[in-house]
Amino acid sequence: MAEIKTKNFLASSQMAIKDPQLRQALEKVGTGFDGARREAIEEISEAKWEEWRLKAREIKEHTIENLDYYLDMLYTNVTKAGGHVHFARDDNEANAIVSKLVEANNIQIATKSKSMVSEELGLNGVLESLGVDVYETDLGEYIIQLAGETPSHLVAPALHKTKGQVASLFQDKLGIPYNEDIEAMAKTAREILRDKFLNADLGISGANFLVAETGSLVIITNEGNGRLCTSAPRIHIGITGMEKVIPSLEDLATFLRLLPRSATGQRLTSYVSIVTGPRRVTDEDGPEQFHLIIVDNGRSKMLADPKLREALYCIRCGACLNICPVYQKVGGHAYGWVYPGPIGSIVTPNLTVLQNAKDLPFASSLCGACREACPIKINIPRMLLNLREELVQPNSNANSTSKFSEDIAAKSYTKLMKHPGILKLGTMILTGLQKPFLKGGVISSVPIPPLSIWTRSRDLPKLPDKTFHQIWKDSLKDNQDNNG
Amino acid sequence: MVNPKGITASLYVTCIVDQLYPQVGVSVVNVLRKLGVHVEFPVDQSCCGQPLFNSGYVSQARELALRVIESFKDSEYIVVPSGSCAAMFREFYPGLFESDPKLHKLAQDFSKKVYEFSEFLVEVLNVNQVKSSSDGLHTFHTSCHMLRELGVKNQPLSLLEGVQGIQTVDLPHRDVCCGFGGTFSVKYPHISEAMLSDKVDNVLSTSCDILVSCDMSCLMNIGGALTRNKSEIKVKHLAEILDEESS
Ligand code: SF4
């Protein structure tokens, strides 16, 4: 499994906010990606978009409710096409399946197209330990592999890097002159990778969708690298999560409309590859073997929970990341595992350990922009609330992770609010006490937390002489209907 | 205008207005009365429970919800000068009692009576213009819950535009969160402050005199940063604007 650093959210997000290069890199998110998404929707009209979203959601609801049925259908049809299907309960099982295939087929060089699930499994490390040379072939993935980093975005893995940082990296690792021109950098990478494509024995890909009725694996890319990975080497292994299955090619059409528009604002990506089984006798090329590894790794736990199930509808478009004001500030690495941003704050705690990822559900202002942007209308804020509840008031025997002091505060708050009499007294005392802190009509510093935290960047209003309750009683109540 | 429809509205004042901005409550009462509405104020109302609910303390939130529902059991319309508290009532109260059919029904009936202030004016009273006037250049911040939970978007804008002689300017990225988020602002102050700083930059870029919104929590957040930055820009609830009349 990829290293889990969710516990460090507070510190890493603080560092991220102070990092000027990251700030610069993150500027692309809002204006670039999210802006393009909005334009793409405008082009086809809000109403049409809404229609597609509802359709997509309906398909996902239906498929996830009947997941066993469609996985079974997928299994049958992949097998019929000459492929092999493997089910892996967790990361260890998935990695073991790949390792066995690597050893049995004497694999030396592997090319990979983008796969978040393989990141989840920490697969590259496993392959390297077996002596396999692994090359990421998606440009963004190639960059972070060179840098020894992990992806910071679902769609654009190297989003956290500025052009300048990539140019220095290429200069450093590839020994080429410093050049910030993106085209030139892409060309260099392509030249290096071309040779690897020709010599690789194994191609590993993820999947955007699995089509049950045809037993096909679908990948969409803009670089065409996916197609090379799945067709040039003699073995192709596709690895993906079990939630990626959809019933039919007709359903695929709906998602092909939604996914590129939500991700990058494109009407369609440059390449859509539909891979069905290994090379047939009549085919001129293609792999001799096709293996599909379907990974659970915690997903069936989410499937079993009706409150969290809809997180499995996600098509990993990244729209919720791009629009999220928190992601825009802290970037992807702060979240501490493979899946960042709003959907990551649901998926990560569920696929790793909730107790160690307790900042993720809380580090949101619950503004709801993610739900609005999501092409599948996934109710992310509602699930964040569910996870918060699970953390502070677990129904199970698991220990609550809230601080004891927070529990006490919540209980006294409830009591206070239920007895406005006590509250009134408190307000009267506070109104008197605020005097030393008043400056120019506002309170600009209070030495007691949490108010001290608030006042480090904002003032507090002066407490009024009378609350609304008092004003109502003293003067408003009796004026009823006088000024009609 | 004398109550042509015989409408009675019960005011839910919200904690923040009650304790920090009572003049907003007064303005809500004045505007409603100006429109001929009979206003009631159930005095034993309590906090809506949102701070607890958002922090995961659902059972405590339930206790407060029951109290609020009880206080408003005889009300016909419940008017709330906050998109956020109104969203708590309308979108989240029923869900609190899903496992108890009787209480669930009670919460559902309650939630159907709830309106955010501007929504009540436009949707229930059919009012798009309130006799009022306000000097200076105004801009409007849309609060997240009002927009995305309640779906209230154009009502406050049309009311603002209806103010006599008003000057308005669009706030860039009007619908982006100001970074408040309740306890979020003190649990993750660095993120909250970074979001707030963008909001403040956007407000300053309009060169407005008055920032208007329908949620005092957003305005306490943005306004607190404005005064800290020595800005002269005032923050006001929409009700305060609609309550002003040139003498
Ligand atoms: S949750 Fe929705 S918006 Fe976010 S990545 Fe998944 S599909 Fe896209």
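The values are calculated or read from the model by the stated rules, or taken from the named source; none is laboratory data. None of these values were measured; they are calculated from a predicted model. Using ideal geometry, Cβ is built from the backbone for each residue, glycine included, and neighbour counts are taken over all protein chains shown. Ligands, DNA and RNA are excluded from the accessible area calculation, which covers all protein heavy atoms including side chains. Shrake-Rupley method; radii C 1.70, N 1.55, O 1.52, S 1.80 Å.
Some observations on this one:
- Taking all protein chains together and rolling a 1.4 Å probe, A:R382 ends up with roughly 80 Å² accessible.
- Full extension of the chain between A:R190 and A:K411 yields a length gain of 73.5 nm, computed as 0.36 nm times the residue separation minus the alpha carbon distance.
- Take A:Y69: with every protein chain present and a 1.4 Å probe, its accessible area is about 130 Å².
- Rounded to whole Hz, the Karplus (6.51, -1.76, 1.60) HN-Hα couplings of region B:232-246, x for glycine and proline: 8, 5, 9, 10, 9, 6, 3, 4, 5, 5, 6, 8, 7, 9, 6
- Using a probe radius of 1.4 angstrom, the carbon and sulfur fraction of the accessible surface of region A:6-300 is 49%.
- Given R0 = 41 Å, the distance between the Cβ atoms of A:N222 and A:A304 translates into a calculated FRET efficiency of 0.70.
- Accessible surface, 1.4 Å probe, highest first, among residues A:R299, A:R234, A:R38, B:R148: A:R38, A:R234, B:R148, A:R299
- Accessible surface, chain A, averaged per residue in Å² (probe 1.4 Å): 44 Å²
- Sum of -39500 (n - 2.57) over DSSP H runs of 4+, divided by residues of chain B (222 nm, nearest 500): -12000 deg cm²/dmol
- Separation of alpha-carbon centers, region A:165-227 and region B:198-219, rounded to whole Å: 45 Å
- Evaluating 6.51 cos²θ - 1.76 cosθ + 1.60 at θ = phi - 60° for every residue in region A:206-221, the Karplus couplings come out as x, 8, 7, 8, 10, 9, 5, 5, 10, x, 9, 10, 10, 10, 10, 9 Hz, glycine and proline recorded as x.
- Inter-probe distance in nm under a simple model that places probes 7 Å from Cα toward Cβ, at B:S133 and A:E149: 5.9 nm
- Between A:N66 and A:A104, the contour length at 0.36 nm per residue exceeds the Cα-Cα span by 10.2 nm.
- Here's how it looks for B:S10: its modeled amide H is under 5 Å from those of B:E40, B:E76, B:Y77, B:I78, B:V79, which are all 5 or more places away or on a different chain.
- Alpha-carbon Debye profile of the protein assembly as shown, log10 I(q)/I(0) at 0.05, 0.10 Å⁻¹: -0.29, -1.01
- Cα gyration tensor shape for region A:6-300, rounded if a/c is under 1.5, else prolate or oblate: oblate
- Legend: calculated FRET efficiency, A:N92 to B:T8, from the Cβ-Cβ distance at R0 = 56 Å, rounded to 0.05, equals 0.30.
- Placing a label point 7 Å from the Cα of A:F437 along the Cα-to-Cβ direction, the residues of region B:163-193 whose backbone N falls under 17 Å from that point are B:183, B:185-187.
- Occluded residues from region A:338-368, i.e. those whose accessible area drops by 40 Å² or more once the chain is not alone (1.4 Å probe): A:F362, A:S365, A:L366, A:C367
- Karplus-based coupling profile of region A:250-256, in residue order and whole Hz: 5, 5, 4, 4, 4, 6, 5, with θ = phi - 60° in 6.51 cos²θ - 1.76 cosθ + 1.60 and x standing for Gly or Pro.
- Remark: accessible area buried at the A-B interface is about 5900 Å², both chains counted, probe radius 1.4 Å.
- Order of exposure, largest accessible area first, which applies to B:E91, A:E120 with probe 1.4 Å: B:E91, A:E120
- Antiparallel DSSP beta bridges within chain A, percent to nearest 5: 30 percent
- Cβ-Cβ FRET estimate between A:D474 and A:K163, R0 fixed at 51 Å, reported to 0.05: 0.20
- Probe 1.4 Å, all protein chains present, accessible-area order of B:S84, B:S246, largest first: B:S246, B:S84
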